[in-house]
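Comments concern the structure below.
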Amino acid sequence: MKTSQDLVKLGKTEIMITTVGVGTWSWGDRLVWGYGSSSYDDADIKEAFEVSLENGTNWFDTAEVYGIGKSEKFLGKFLPSASKEVLIATKFFPFPWRVCKQALLRSLKNSLKRLQINHIDLYQIHTPLGWWSKPKFVSVLADTVNAGLTRAVGVSNFDREKTKLANETLQTLGVPLASNQVEYSLFDRRIEKNGLLDYCHENDITVIAYSPLAKGMATGKYGPENPPSGPRKHMYPTEKLQAFQPLIALLKKLGAAHGKTPAQVALNWTICKGTVPIPGAKNANQAAENLGAMGWRLKPEEVVALDKASNLPV
Ligand SMILES: NC(=O)c1ccc[n+]([C@@H]2O[C@H](COP(=O)([O-])OP(=O)(O)OC[C@H]3O[C@@H](n4cnc5c(N)ncnc54)[C@H](OP(=O)(O)O)[C@@H]3O)[C@@H](O)[C@H]2O)c1
């Protein structure tokens with residue numbers, strides 16, 4: 001369960017989010033996650049939503065492209081009966097044909113319809129494709145706040161330079177850049193090396209860590225003898241799975257010392273680094289386990305041990 005240390009400000013805004021949010025990419029996605037196959041169904045997704053709230057989270061991350069709108073629609077269906085107030089983060093995708101600022105406003109209004117709400121708590125540009133990291137285009141995010149359609153705005157997959165430009169652009173318009181959502185886990189520490197994590201910390205920009213379980217690899221359930229199927233098979237070939245083994249062994253050892261699972265330790269490490277992870281959950285068990293990353297902290301020396309064990313090729 002979460003404690004007061006597990007409630008943090010979203011960037012420079014007054015919005016308080018829990019240190020663990022829930023990622024909903026798999027809610028309706030066939031291609032990568034196999035929605036529609038026998039492994040999980042709509043009832044599992046509904047339970048994942050309810051159990052997530054029972055286990056202390058207060059926010060969900062989605063995107064217009066997840067399941068081609070299905071993920072937002074699931075949330076729209078669940079929100080009216082939610083057991084408490086829920087914050088929603090969603091994203092605009094800069095498809096190549098979206099070449100004017102109005103495209104973002106149209107897309108935002110469609111997200112609101114699918115979500116069946118009248119404002120979005122955090123609206124993000126999914127990736128800096130095309131013109132969508134240029135000041136003229138980023139500035140439309142400020143328009144959405146001023147129009148009352150969003151409470152806070154952020155970016156995703158922006159590197160240090162693009163984040164700096166977006167931050168400065170929005171600053172001149174009096175709206176803070178609340179967050180940057182990027183890949184970050186013990187299995188992918190590029191943002192520590194390329195200066196992005198430091199820049200965000202220095203400028204009060206929340207780093208939302210996506211794929212914080214390395215798409216399930218951090219749970220220890222996959223390995224060279226038991227590789228993942230589907231597209232993940234190609235993302236994580238045998239050599240990578242082999243190279244992960246010493247780190248997974250350490251996650252298990254530290255977990256045992258705290259009465260926690262490897263997934264909970266891996267997520268806690270991202271929190272100890274000052275980021276907020278959004279692990280994906282396909283069912284109630286995964287949701288409950290992942291939210292058990294809140295309410296406790298690894299010891300500083302354990303974080304150092306994980307740092308040393310996780311200097312892996314990405
Ligand atoms: N902004 C972006 O470009 C971007 C990109 C990627 C993701 N994201 C966001 O980040 C969220 C999380 O990232 P992700 O879904 O890529 O990866 P992740 O959170 O690292 O891994 C999620 C997957 O791991 C497995 N899993 C999760 N919890 C588990 C548990 N406790 N025990 C066993 N297995 C467990 C599940 O798949 P299996 O059961 O099939 O193994 C689940 O779908 C997404 O949902 C999305 O909101 C954003």
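Between the range 16-57 and the range 77-99, what is the separation of their alpha carbon centroids in Å?
Using only Cα atoms, the two centres lie 14 Å from each other.
Sequence-distant or interchain residues sharing an amide H contact under 5 Å with TRP59, placed H: which?
Amide H neighbours of TRP59, under 5 Å, 5+ apart: THR18, VAL22, LEU87.
Can you give the log10 of the normalised intensity I(q)/I(0) at q = 0.06, 0.10, 0.11 Å⁻¹, computed with Debye over equal Cα scatterers of the chain?
Relative scattering, expressed as log10 I(q)/I(0), comes to -0.18, -0.53, -0.65.
In whole angstrom, and with the biggest value first, how far do the Cα coordinates of the range 53-124 range along each principal axis?
41, 20, 18
With every atom except the alpha carbons ignored, what do you get for Rg and Dmax of the range 125-183, in angstroms?
Over the range 125-183's Cα set, Rg and Dmax evaluate to 10.3, 30 Å.
Just the number, please: percent antiparallel of the DSSP beta bridges in the chain, rounded to the nearest 5.
Details: 5 of 31 bridges.
That works out to approximately 15 percent antiparallel.
Ordered by residue, what ³J(HN,Hα) values in Hz, to whole numbers, does the range 279-286 give under the Karplus form 6.51 cos²θ - 1.76 cosθ + 1.60, where θ = phi - 60° and Gly and Pro are x?
x, x, 9, 9, 7, 4, 4, 5
Given the options PRO262, PRO135, PRO96, which has the most mean-square fluctuation in a GNM of the chain, springs set between C-alpha atoms less than 10 angstrom apart?
Highest fluctuation of the listed residues: PRO96.
Past 20 Å, Cα to Cα, is the threshold; run LYS101/LYS134; LYS9/LYS252; LYS215/LYS299; LYS70/LYS109; LYS164/LYS308 against it and keep the listed order.
The pairs that break the limit, which is 20 Å between Cα atoms, are LYS9/LYS252; LYS215/LYS299; LYS164/LYS308.
How big is the convex hull of the Cα atoms of the range 254-314, per residue, in Å³?
Value for the range 254-314: 97 Å³ per residue.
What are the ³J(HN,Hα) values, in whole Hz, obtained from phi via the Karplus relation 6.51 cos²θ - 1.76 cosθ + 1.60 with θ = phi - 60°, for each residue of the range 161-172 in sequence order, with x given for Gly and Pro?
Residue by residue, the range 161-172 yields 5, 5, 5, 4, 5, 5, 4, 5, 4, 5, 4, 5 Hz.
Can you tell me how much longer the chain between ALA147 and CYS100 gets when fully stretched, taken as 0.36 nm per residue apart minus their C-alpha distance, in nm with one decimal?
Roughly 15.1 nm would be gained on extension.
To the nearest 20 debye, what is the magnitude of the charge dipole of the chain about its Cα centre, counting +1 on the Cβ of each Lys and Arg and -1 on the Cβ of each Asp and Glu?
560
To the nearest 20 debye, what is the magnitude of the charge dipole of the range 218-273 about its Cα centre, counting +1 on the Cβ of each Lys and Arg and -1 on the Cβ of each Asp and Glu?
140
Based on the Cα atoms of the range 157-314, what semi-axes does the equivalent ellipsoid have, where each is the square root of 5 times one gyration tensor eigenvalue, given in whole Å with the largest first?
After diagonalising the Cα gyration tensor, the semi-axes are 28, 17, 15 Å.
Given TRP97, TRP59, LEU7, which one lies farthest toward the positive end of the charge dipole of the range 1-125, if we put +1 on the Cβ of every Lys and Arg and -1 on the Cβ of every Asp and Glu?
Looking along the dipole axis, the top candidate is TRP97.
Counting GluC sites (Glu not before Pro) as exposed when in a DSSP loop with at most 11 other beta carbons within 10 Å, what is the longest stretch of the chain free of them?
86-224
Figure the gain on full extension for ASP41 and LYS113 (residue separation times 0.36 nm, minus the Cα-Cα span) and round it to one decimal in nm.
23.6 nm
Can you tell me the Rg and the Dmax, both Å, for the Cα atoms in the range 128-246?
17.7, 54
Which chymotrypsin sites (Phe, Trp or Tyr not before Pro) from the range 77-128 combine a DSSP loop assignment with at most 16 other Cβ atoms within 10 Å?
Working: sites: PHE78, PHE92, TRP97, TYR123; in loops: TRP97.
Within the range 77-128, the qualifying chymotrypsin sites (Phe, Trp or Tyr not before Pro) (loop, at most 16 other Cβ atoms within 10 Å) are TRP97.
Let me know the Kirkwood hydrodynamic radius for the range 1-127, please, with Cα pairs as the basis and the value in Å to one decimal.
15.4
Between the DSSP loop rule and a limit of at most 12 other Cβ atoms within 10 Å, which trypsin sites (Lys or Arg not before Pro) in the range 10-116 are left?
On the way: sites: LYS12, ARG30, LYS46, LYS70, LYS73, LYS77, LYS84, LYS91, ARG98, LYS101, ARG106, LYS109, LYS113, ARG114; in loops: LYS12, ARG30, LYS84, ARG98, LYS101.
When the trypsin sites (Lys or Arg not before Pro) of the range 10-116 are filtered for loop state and at most 12 Cβ neighbours within 10 Å, LYS84 remain.
Taking +1 at the Cβ of each Lys and Arg and -1 at the Cβ of each Asp and Glu, which of PRO128, TRP296, LEU149 sits farthest along the dipole of the chain towards its positive end, judged by Cα position relative to the Cα centre?
PRO128
Could you tell me how many degrees, from 0 to 90 and to the nearest 10, lie between the Cα long axis of helix 102-115 and the main elongation axis, the longest principal axis, of the Cα atoms of the chain?
Roughly 60 degrees between the two axes.
Tell me, what is the FRET efficiency for GLU225 and GLU161 to the nearest 0.05, using R0 = 41 angstrom and their Cβ-Cβ distance as r?
So, using R0 = 41 Å, E works out to roughly 0.45.
So what are the three principal axis dimensions of the range 179-242 from its Cα atoms, in whole Å, longest to shortest?
44, 18, 18
Quick one: net charge of PRO231's neighbours, Cβ under 12 Å, K/R +1, D/E -1?
The answer is +3.
Every read-out reported here was derived from the displayed coordinates using simple, explicitly stated rules and does not represent laboratory data. In this text the structure is predicted, and so the values were computed from the model without any measurement. Note that each Cβ is placed from the backbone with ideal geometry, even for glycine, and that neighbours are counted across all protein chains shown.
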